[in-house]
């Protein structure tokens, strides 16, 4: 029976997975991810892909908002840049997925840095307004630069091909989406064990103090914008390759707010919280939908009312989470782990 | 701690329940499965709800008559709240459960699913009449029952030219095109409407109606000062009604206002009140105020349900007629004795020539190279708060 976690070397203390149980858990999780697509129906694969892409985007936003403390309302716009870049490279230049996605990420990173420039002078809500401007400007450019983006018409791209396989089914795309989500999570987890990641956290906690101890605040803020939008671009580019049809309506301000909700519910400044939040925000509406369908035959009167109360249920669930566990699902998960860690002799 | 555990346990229970509910069934068996997504609680729920009731009404009516060649239609449907990701989830769910055809709703979901339905070979009809969806080279499995937005606008342009001449106007008529700030709003303008106006001597200018605006006086003042005598709306009912009221208070009584199909309905008349008087409507589906033979079934069905077509309105008959065309396609596949699947249904629909909907729409014709079912429609005008027929079928060609 252990009474706590003690490490005798710095290396062990800095480890990504510090205890054997972490490794076992990771193995179980990865094994589940590998087996899942062979058992799941197309509906569940579609949900899994949506969650994987939402997780990537949420991690990107979490790096900026949760770890560096720079509030952004421009996530939808950055995803749009990624999606349209990938789409244009694929449709107009015939670039394959392994080229159009990285290029889209780089372009989005550059756009992110540009819109991150106001963060030199602006903080908090004022920065939120500046990123809101990014959202509006990008939306306007996409809908009006008709020759490049197709304007308000949807941009259609060919289904991506990898290793001679057309990635046109949910099953095939699952492997791309999930492996990219895992890579992104691994990258982000390691980022915050590095000097750069710690500088981000220092800026979030107290930017003046961070500057005093030698963090180049402006440079690191821009770097946070670059990394965050690189990942947002990845999510957007994957979404484009997954759906093969891109319309700006998918990347409105509502998308930006959706992802803020994802990371708040999941847990600000946590990697697994990004996943929990994405899964929760995708599965809860799906669950309510299925409940509605189940009631269509058994209780049509209730099912008729359900669309009206559906939104309220969703809002209520979010409020309850925020009140009962403000640190999000990630904290809840930690509580469960802590509980079982000392089980059955908890105090 | 225990409280939090309870929450966690509840969450797990919720999600596993969802898992149970979501398990898909297989295809086959007697009922014909048709998937459908409706907007019952989203941005367009005001018109989405009667449309949904119309689709469901037709299915109930057909089933009560013994179905299509003895097979019942099973409509797999759910509210998607006008959210594209939800539409995609429901689409995969219903197709996974064996839906062979799909009834969509808005521009966003129809565009987003366009590539997927072509991969899956699922014929798709929605209430988005974007011109490009009628081109099989771009959207092989989309079928338009209503007149495409571009065709509607061209018909309106033609009518304006005639009306302008009849009123003794000289030179090019000045027209303002006020549109919703979305693909839906711009689609007829960008997909051929602007070009047609230029080529045929109409001086048309587009004005965007900003999202969430509570007043259009600024836009309307600019339009008045431009000397426009016609204003064409491509938006939904409530903004159009608001603009009509603003125009009335600006005293623009010498201007003719025209609505394309999504603001030409009972709701616009109700919301705008007296300001709607004289409003011209481009209506691919005949409103219930005008009696045509194609409405008899729907009217009788609704009477048996204790309500009336007048109460349900134009969008009910729109949903009913759209589903009726899909059902006719299904019937033709069954008649031919072929296997009922998406490919054969597409072929059957493409063989549909001058199919009469009893005057609800112009006769429907689909061909392998053209999925715009009706290229003609009637114009209607509001008189004493009622839509009355103004012209016979006008064609865009």
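Figures for the structure shown
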quantity: Verdict on residue A:242 being within 12 Å of chain B (Cβ to nearest Cβ) and farther than 21 Å from residue A:72 by Cα; calculated: yes
quantity: Residue among B:40, B:76 that is within 10 Å of another protein chain (Cβ to nearest Cβ), buried (at least 17 other Cβ atoms within 10 Å of the Cβ), at pLDDT 90 or above and not in a helix (DSSP H, G or I); calculated: B:76
quantity: The range A:114-169: number of residues that are outside any helix (DSSP H, G or I) and on the phi < 0 side of the Ramachandran plot; calculated: 20
quantity: Residue list for the range A:25-47, filter: within 11 Å of chain B (Cβ to nearest Cβ) and either in contact (Cβ under 8 Å) with a residue 24 or more places away in the chain or in contact with a strand residue (DSSP E or B) (Cβ under 8 Å, 6 or more places away or on another chain) (or both); calculated: A:42, A:45, A:46, A:47
quantity: Lone unmet requirement of (1) touching a strand residue (DSSP E or B) at 6+ places or on another chain (Cβ under 9 Å); (2) away from chain A (no Cβ under 13 Å); (3) more than 18 Å from residue B:183 (Cβ to Cβ); (4) not in a strand (DSSP E or B) for residue B:34; calculated: (4)
quantity: Residue list for the range A:143-168, restricted to those being surrounded by 15 or more Cβ atoms within 10 Å (Cβ to Cβ), away from chain B (no Cβ under 11 Å) and within 30 Å of residue A:70 (Cα to Cα); calculated: A:149
quantity: Condition met for residue A:261 (assigned to a helix (DSSP H, G or I), at pLDDT 80 or above, more than 13 Å from chain B (Cβ to nearest Cβ) and under 26 Å from residue A:73 (Cβ atoms)); calculated: yes
quantity: Residue within the range B:193-206 that is farther than 25 Å from residue B:374 by Cβ, crowded, with 21+ Cβ neighbours inside 10 Å and in contact with a helix residue (DSSP H, G or I) (Cβ under 6 Å, 6 or more places away or on another chain) present; calculated: no
quantity: Filtered residue count, the range B:131-162, keeping only those that are closer than 18 Å to residue B:325 by Cα and within 14 Å of the chain's Cα centre (by Cα); calculated: 9
quantity: Number of the exception - residue B:247 against (1) over 18 Å from the mean Cα position of the chain (by Cα); (2) within 27 Å of residue B:395 (Cα to Cα); (3) in contact (Cβ under 8 Å) with a residue 24 or more places away in the chain; calculated: (2)
quantity: Extreme residue, farthest from the chain's Cα centre (by Cα), among residues of the range B:349-382 that are loosely packed, with under 15 Cβ neighbours inside 10 Å and in a strand (DSSP E or B); calculated: B:367
quantity: Hey, residue B:204 in a loop (DSSP other than H, G, I, E, B) and at negative phi or not; calculated: no
quantity: Residues of the range A:129-138 classified as surrounded by fewer than 19 Cβ atoms within 10 Å (Cβ to Cβ) and in contact with a helix residue (DSSP H, G or I) (Cβ under 6 Å, 6 or more places away or on another chain), total; calculated: 0
quantity: Boolean, residue A:340 is within 29 Å of residue B:45 (Cα to Cα), within 11 Å of another protein chain (Cβ to nearest Cβ) and free of Cβ contacts under 8 Å to residues at least 40 places away in the same chain; calculated: no
quantity: Failed item, numbered, when residue B:339 is tested on (1) part of a loop (DSSP other than H, G, I, E, B); (2) surrounded by 15 or more Cβ atoms within 10 Å (Cβ to Cβ); calculated: (2)
quantity: Where residue A:205 falls short, out of the listed (1) touching a helix residue (DSSP H, G or I) at 6+ places or on another chain (Cβ under 9 Å); (2) over 30 Å from residue A:143 (Cβ atoms); (3) touching a residue at least 60 places away in the same chain (Cβ under 8 Å); calculated: (1)
quantity: Residue identified as surrounded by fewer than 19 Cβ atoms within 10 Å (Cβ to Cβ), under 30 Å from residue B:53 (Cα atoms) and at the interface with chain B (Cβ under 8 Å from one of its Cβ atoms) among A:294, A:312; calculated: A:294
quantity: Filtered residues of the range B:131-158 (kept if farther than 20 Å from residue A:157 by Cα and within 10 Å of another protein chain (Cβ to nearest Cβ)); calculated: none
quantity: For residue B:325: the one exception among (1) outside the structural domain of residue B:241 (by TED's automatic domain parsing); (2) in contact with a helix residue (DSSP H, G or I) (Cβ under 7 Å, 6 or more places away or on another chain); (3) touching a residue at least 60 places away in the same chain (Cβ under 8 Å); calculated: (2)
quantity: Residue count, the range B:79-130 (criterion: in contact with a strand residue (DSSP E or B) (Cβ under 6 Å, 6 or more places away or on another chain), without any contact (Cβ under 8 Å) to a residue 24 or more places away in the chain and more than 7 Å from chain A (Cβ to nearest Cβ)); calculated: 1
quantity: Search result, residues across the range A:197-206 that are surrounded by fewer than 19 Cβ atoms within 10 Å (Cβ to Cβ), in a helix (DSSP H, G or I) and more than 20 Å from the chain's Cα centre (by Cα); calculated: A:198, A:205
quantity: Filter result for the condition that a residue is touching a strand residue (DSSP E or B) at 6+ places or on another chain (Cβ under 9 Å) and closer than 23 Å to residue B:149 by Cα, over B:340, B:334, B:267, B:314; calculated: B:314
quantity: Members of the range B:301-311 found to be surrounded by fewer than 21 Cβ atoms within 10 Å (Cβ to Cβ) and either closer than 13 Å to residue B:288 by Cα or in contact with a strand residue (DSSP E or B) (Cβ under 9 Å, 6 or more places away or on another chain) (or both), listed by number; calculated: B:308, B:310, B:311
quantity: Verdict on residue A:216 being in contact (Cβ under 8 Å) with a residue 60 or more places away in the chain and surrounded by fewer than 16 Cβ atoms within 10 Å (Cβ to Cβ); calculated: no
quantity: Any chance residue A:256 is at pLDDT 90 or above, closer than 27 Å to residue B:87 by Cβ, surrounded by fewer than 16 Cβ atoms within 10 Å (Cβ to Cβ) and away from chain B (no Cβ under 14 Å); calculated: no
quantity: Filtered residues of the range B:170-201 (kept if within 14 Å of chain A (Cβ to nearest Cβ), modelled with pLDDT under 85 and part of a loop (DSSP other than H, G, I, E, B)); calculated: B:181, B:182
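The values are calculated or read from the model by the stated rules, or taken from the named source; none is laboratory data. This structure is a prediction, so every number in the text was calculated from the model and none was measured. Neighbour counts run over all protein chains shown; Cβ positions are idealised from the backbone, glycine included.
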